[in-house]
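A.B. asks: Submitted below is the structure of interest, expressed as structure tokens.
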Amino acid sequence: MKTVLKCENLHVYYGSIHAIKGVSFEVGEGEIVTLIGANGAGKSTTLNTVGGLLKPREGSIEFEGKSILGVAPHKVVSEGMALCPEGRRVFAQLSVKENLEMGAYTRPASEIPETLEMVYEHFPRLKERQGQMAGTLSGGEQQMLAMGRALMSKPRLMMLDEPSMGLAPILVDQIFEIIEALNKAGTTILLVEQNAQMALSIADRAYVLETGRIVNSGTGKDLLNDDSVKKAYLGG
Amino acid sequence: MLVHLINGISLGSIYAIIALGYTMVYGIAKMLNFAHGDVIMIGGYVAFFAMSEGAGLPAPLALLLAIIVCTILGITIERLAYKPLRSATSLAVLITAIGMSYFLQNSALLLWGANPKAFPDMFKNAEAIEFFGAKISPVALVAIFANIVIMVILTLFTTRTKVGKAMRAVSEDKGAATLMGINVNFTISLTFAIGSGLAAVAGVLLCSAYPTLMPTTGSLPGIKAFTAAVFGGIGSIPGAMIGGILLGVIEILARAYISSELADAIVFGVLIVVLIFRPTGLLGKQIHEKV
Ligand SMILES: Nc1ncnc2c1ncn2[C@@H]1O[C@H](COP(=O)(O)OP(=O)(O)OP(=O)(O)O)[C@@H](O)[C@H]1O
Ligand SMILES: [Mg+2]
């Protein structure tokens, strides 16, 4: 299996706060890999670093064999990866369609209608709401929009930061089904979740993050049955 | 009455063009660029010297030159003074902007002296126009017309073009905009460029309407335009237009019917009343983000 993303010995700081302390992990082509961990473990920091929003003080990040550390933050998406950030962060004052267009900002205009149709197929609700201001969508619709917007860049690697946050159980199921469908359609997935049960059950492999360090890793199935994981993240 | 109203709309149009610069920069960089009024003054001087005996450029070329100089000046100010403070506290940025304002005023003082210069009449060949018995000066009409054209172009730019939409995205969330592939630094530079280019237009119109040019020429109109931007709802482009025009009309009517000494106090009084009832201004953003 080809390695899509390879992070080695990452150290990330917020001023003097050492948030990520030597994290290494890999994501293979076609995999669903998940990072789980408690609040403040450093999951979002890790994804934001890979996505280019934060610069690591030490360590390396390779995407498809090429270092992306020297790539300007706004050019990371053109390399072929997209990050759907924590808290959705849709552009509230832009319409649904404009939000999706922003997702395709780096792509030629001629290819946008086709990708738009593809996104509307995954999220029919967005098509119904295309003219509506994103700020007036429900939480679940905003999550779909955030995912659709990330898809608009046609990423080979899609990173999702807590897509199930704050959603009703039925919507959580729906979001996870979509993630699996995207993966089947060929997109590699790096998923960060608080909902460890769900994440581990769809993941090929998983890493457990604790206060900035990876303390455990394995296949999704192994970790679901791991005693320490059960105790800490699966409610016994 | 009619003549006062039209003169008010005309003065208000100049305020609106200045207010656009405040509001767009505030929307993108979340900062009050207090040096904006002084860019107007620089624009006035550039046009003045371009049209003076020595250079003798025709008015349209002088305006173009003022726009070019101010655009470059605006981009340079942002690069040198504000960009290094991107992650600093807003107080530090505000103090820097005030410092930049004094820097520009004092540079003008040093270069061109304190004596007021008589700005040439750009419309000396045009005659005042009769409008239902009211005599309207050509510069008043040009100001109103320029304001309308600028509003239409800016509205089309921000709602129809890719770069304009990206500008709105950056004003909402720089991190998310970066993830989309939008170059945030470029967008901020572009905003300063547009705002400063508009300041040059406003400077030339202002000096044509009130032809005394000195290093402090931009200060009071700058503060009033800032008031207009807050009045209309800071960050809102149509708000800048409505705020500017209302401010101009209130000022001229107060000056004509109440007292010319009190006119400015009345203008700021109205602002305070509006802000008490609508803290975000007339067209300020009132959408609450859902969690
Ligand atoms: N902007 C910031 N400034 C300072 N410290 C920060 C900042 N963002 C995160 N941190 C700190 O870095 C650590 C890791 O935070 P991070 O957001 O990556 O955690 P997380 O695993 O995503 O948590 P959650 O599940 O709550 O989202 C925490 O201790 C947090 O307090
Ligand atoms: Mg997080």
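A.B. asks: Shielding of B:169-175 by partners, i.e. mean partner chain Cβ atoms within 10 Å per residue?
C.D. replies: Per residue, the number of nearby Cβ atoms from other chains is 5 on average.
A.B. asks: Mean separation of Cα pairs under 8 Å and 6+ residues apart, divided by the residue count of chain B: what relative contact order is that in percent?
C.D. replies: Once divided by the residue count of chain B, the mean separation gives 37 percent.
A.B. asks: Taking the Cα centroid of the range A:97-161 and of the range B:1-80, what is the distance between the two, rounded to the nearest whole Å?
C.D. replies: 39
A.B. asks: Just reorder B:His36, A:His18, A:His74 by solvent-accessible area, largest first, 1.4 Å probe, all chains present.
C.D. replies: These residues rank, largest area first, as A:His18, A:His74, B:His36.
A.B. asks: Charges only on Cβ, +1 for Lys and Arg, -1 for Asp and Glu: so what's the dipole of the range B:2-277 about the Cα centre, in debye to the nearest 20?
C.D. replies: Values: 14 positive and 11 negative charges, 153 e Å.
In debye, rounded to 20, the range B:2-277 gives about 740.
A.B. asks: With all protein chains present, how much of the accessible area of chain B (probe radius 1.4 Å) comes from carbon and sulfur, to the nearest whole percent?
C.D. replies: 71
A.B. asks: Note the full-extension length gain between B:Ile258 and B:Ile72 as 0.36 nm times their separation in residues minus their Cα-Cα distance, in nm to one decimal.
C.D. replies: Numbers: separation 186, 0.36 × 186 = 66.96 nm, distance 4.19 nm.
Between B:Ile258 and B:Ile72, full extension yields an extra 62.8 nm.
A.B. asks: So, one more: For a Förster distance of 30 Å, can you work out the FRET efficiency between the beta-carbons of A:Leu234 and A:His11, rounded to the nearest 0.05? Mind dumping the intermediate values first?
C.D. replies: Working: r = 29 Å, r/R0 = 0.98.
Using R0 = 30 Å, I get an efficiency of 0.55.
A.B. asks: Round to a whole angstrom and tell me the spacing of the C-alpha centers of the range B:184-241 and the range B:114-139.
C.D. replies: Between the Cα centres of the range B:184-241 and the range B:114-139 lies a distance of 21 Å.
A.B. asks: How large is the charge dipole for the range A:1-109, taken about the Cα centre, if only the Cβ atoms of Lys, Arg (+1) and Asp, Glu (-1) carry charge, to the nearest 20 debye?
C.D. replies: Charge dipole of the range A:1-109: 260 debye, to the nearest 20.
A.B. asks: Something else about it: For the range A:91-236, what is the accessible area per residue in Å², given a 1.4 Å probe and the full set of protein chains? Mind showing how you got there, number by number?
C.D. replies: Values: 6180 Å² over 146 residues.
On a per-residue basis, the range A:91-236 sits at 42 Å².
A.B. asks: Let me ask something additional. Which of A:Ile17, A:Ile202, A:Ile178 moves most in a GNM of chain A, Cα contacts under 10 Å?
C.D. replies: In the Gaussian network model the winner is A:Ile17.
A.B. asks: Then there's this: How high is the relative contact order of the range A:87-154, in percent, counting Cα pairs under 8 Å that sit 6 or more residues apart?
C.D. replies: On the way: 79 pairs, mean separation 37.4, N = 68.
Computed over the range A:87-154, the figure is 55 percent.
A.B. asks: In sequence order, what are the phi-derived ³J(HN,Hα) couplings for the range B:177-190 according to the Karplus relation 6.51 cos²θ - 1.76 cosθ + 1.60 with θ = phi - 60°, rounded to whole Hz, with x for glycine and proline?
C.D. replies: 4, 4, 4, 6, x, 7, 7, 5, 4, 4, 4, 5, 4, 4
A.B. asks: Another question, then. Of B:Leu32, B:Leu206, B:Leu247, which has the largest mean-square fluctuation in a 10 Å C-alpha GNM of chain B?
C.D. replies: Maximum among the listed residues: B:Leu32.
A.B. asks: Moving on. Given labels modelled 7 Å from the Cα in the Cβ direction, how far is it in nm from A:Glu177 to A:Ser201?
C.D. replies: It works out to 1.4 nm between the two label points.
A.B. asks: Using a probe radius of 1.4 Å on protein heavy atoms only, what is the accessible area buried between chains B and A, both sides summed, to the nearest 100 Å²? Don't jump to the answer; show the numbers that get you there.
C.D. replies: Details: alone 14410 and 10950 Å², together 23000 Å².
Interface area, both chains combined: 2400 Å², rounded to the nearest 100.
A.B. asks: Which order do you get for A:Asp204, A:Asp226 if you rank them by accessible area with a 1.4 Å probe, largest at the top?
C.D. replies: Largest to smallest exposure gives the sequence A:Asp204, A:Asp226.
A.B. asks: Partner chain Cβ atoms within 10 Å, averaged over the residues of A:93-104 - can you pull that number for me?
C.D. replies: That works out to 4 on average.
A.B. asks: Need one number: % antiparallel among DSSP beta bridges in chain A, to the nearest 5.
C.D. replies: Counting DSSP beta bridges with both partners in chain A, the antiparallel share is about 55 percent.
A.B. asks: Return a whole-number percent for the relative contact order of the range A:1-122, with Cα pairs under 8 Å and 6 or more residues apart as the contact set.
C.D. replies: 23
A.B. asks: Label A:Arg125 and A:Ile112 with points 7 Å out from Cα along Cα→Cβ: what is the distance between them in nm?
C.D. replies: Each label point is offset 7 Å from its Cα along the Cβ direction, giving 2.4 nm.
A.B. asks: OK, next. Does anyone have the angle between helix B:219-232 and the longest principal axis of chain B? Alpha-carbon axes, 0 to 90°, nearest 10?
C.D. replies: 60
A.B. asks: Mind ordering B:170-180, B:78-88 by average Cβ neighbours within 10 Å, highest first?
C.D. replies: Going by the mean number of other Cβ atoms within 10 Å, highest first, we get B:170-180, B:78-88.
A.B. asks: Shifting gears a bit: Taking θ = phi - 60°, what integer Hz values does the Karplus form 6.51 cos²θ - 1.76 cosθ + 1.60 yield along the range B:261-266, in sequence order, with x for Gly and Pro?
C.D. replies: With the stated coefficients, the range B:261-266 comes to 6, 7, 3, 5, 4, 5 Hz.
A.B. asks: Okay, next question. Over all residues in B:182-191, what is the mean tally of Cβ atoms on other chains that come within 10 Å of each residue's Cβ?
C.D. replies: 2
A.B. asks: Further, regarding this structure: Identify which of A:Gln143, A:Gln197, A:Gln93 has the largest mean-square fluctuation in a Gaussian network model of chain A, with springs joining Cα atoms closer than 10 Å.
C.D. replies: A:Gln93
A.B. asks: Just want the answer: with Cβ charges of +1 for Lys and Arg and -1 for Asp and Glu, which residue in B:Leu94, B:Leu206, B:Leu141 is farthest toward the dipole's positive end in chain B?
C.D. replies: Positive-most Cα among the choices belongs to B:Leu94.
A.B. asks: Moving to a separate point now. Could you give the dipole magnitude of the protein assembly as shown about its Cα centre, charging the beta-carbon of Lys and Arg +1 and that of Asp and Glu -1, in debye to the nearest 20?
C.D. replies: In debye, rounded to 20, the protein assembly as shown gives about 500.
A.B. asks: Another question, then. Just the number, please: carbon plus sulfur as a percent of the accessible area of chain A, 1.4 Å probe, no ligands or DNA/RNA counted.
C.D. replies: Solvent-exposed carbon and sulfur of chain A make up 48 percent of the total.
A.B. asks: So, one more: Out of all DSSP beta bridges in the protein assembly as shown, what portion is antiparallel? Express it as a percent rounded to 5.
C.D. replies: Counting only bridges with both partners in the protein assembly as shown, antiparallel ones make up about 60 percent.
A.B. asks: Just going by the charge dipole of the range A:87-154, with Lys and Arg at +1 and Asp and Glu at -1 on Cβ, which of A:Leu116, A:Thr136, A:Tyr105 is farthest out on the positive end?
C.D. replies: Comparing the listed Cα positions along the dipole, A:Thr136 ranks first.
A.B. asks: May I pose another question? Leaving ligands and nucleic acids out of the surface, order B:Leu275, B:Leu109 by accessible area at 1.4 Å, largest first.
C.D. replies: Accessible-area ranking of B:Leu275, B:Leu109, largest first: B:Leu109, B:Leu275.
The values are calculated or read from the model by the stated rules, or taken from the named source; none is laboratory data. The structure displayed is predicted, hence computed values, not measured ones. So basically every Cβ, Gly included, is an ideal-geometry build from the backbone, and we count neighbours across all protein chains shown. Please note that ligands, DNA and RNA were not included when accessible areas were found on the heavy atoms of the full protein model with its side chains. Shrake-Rupley method; radii C 1.70, N 1.55, O 1.52, S 1.80 Å.
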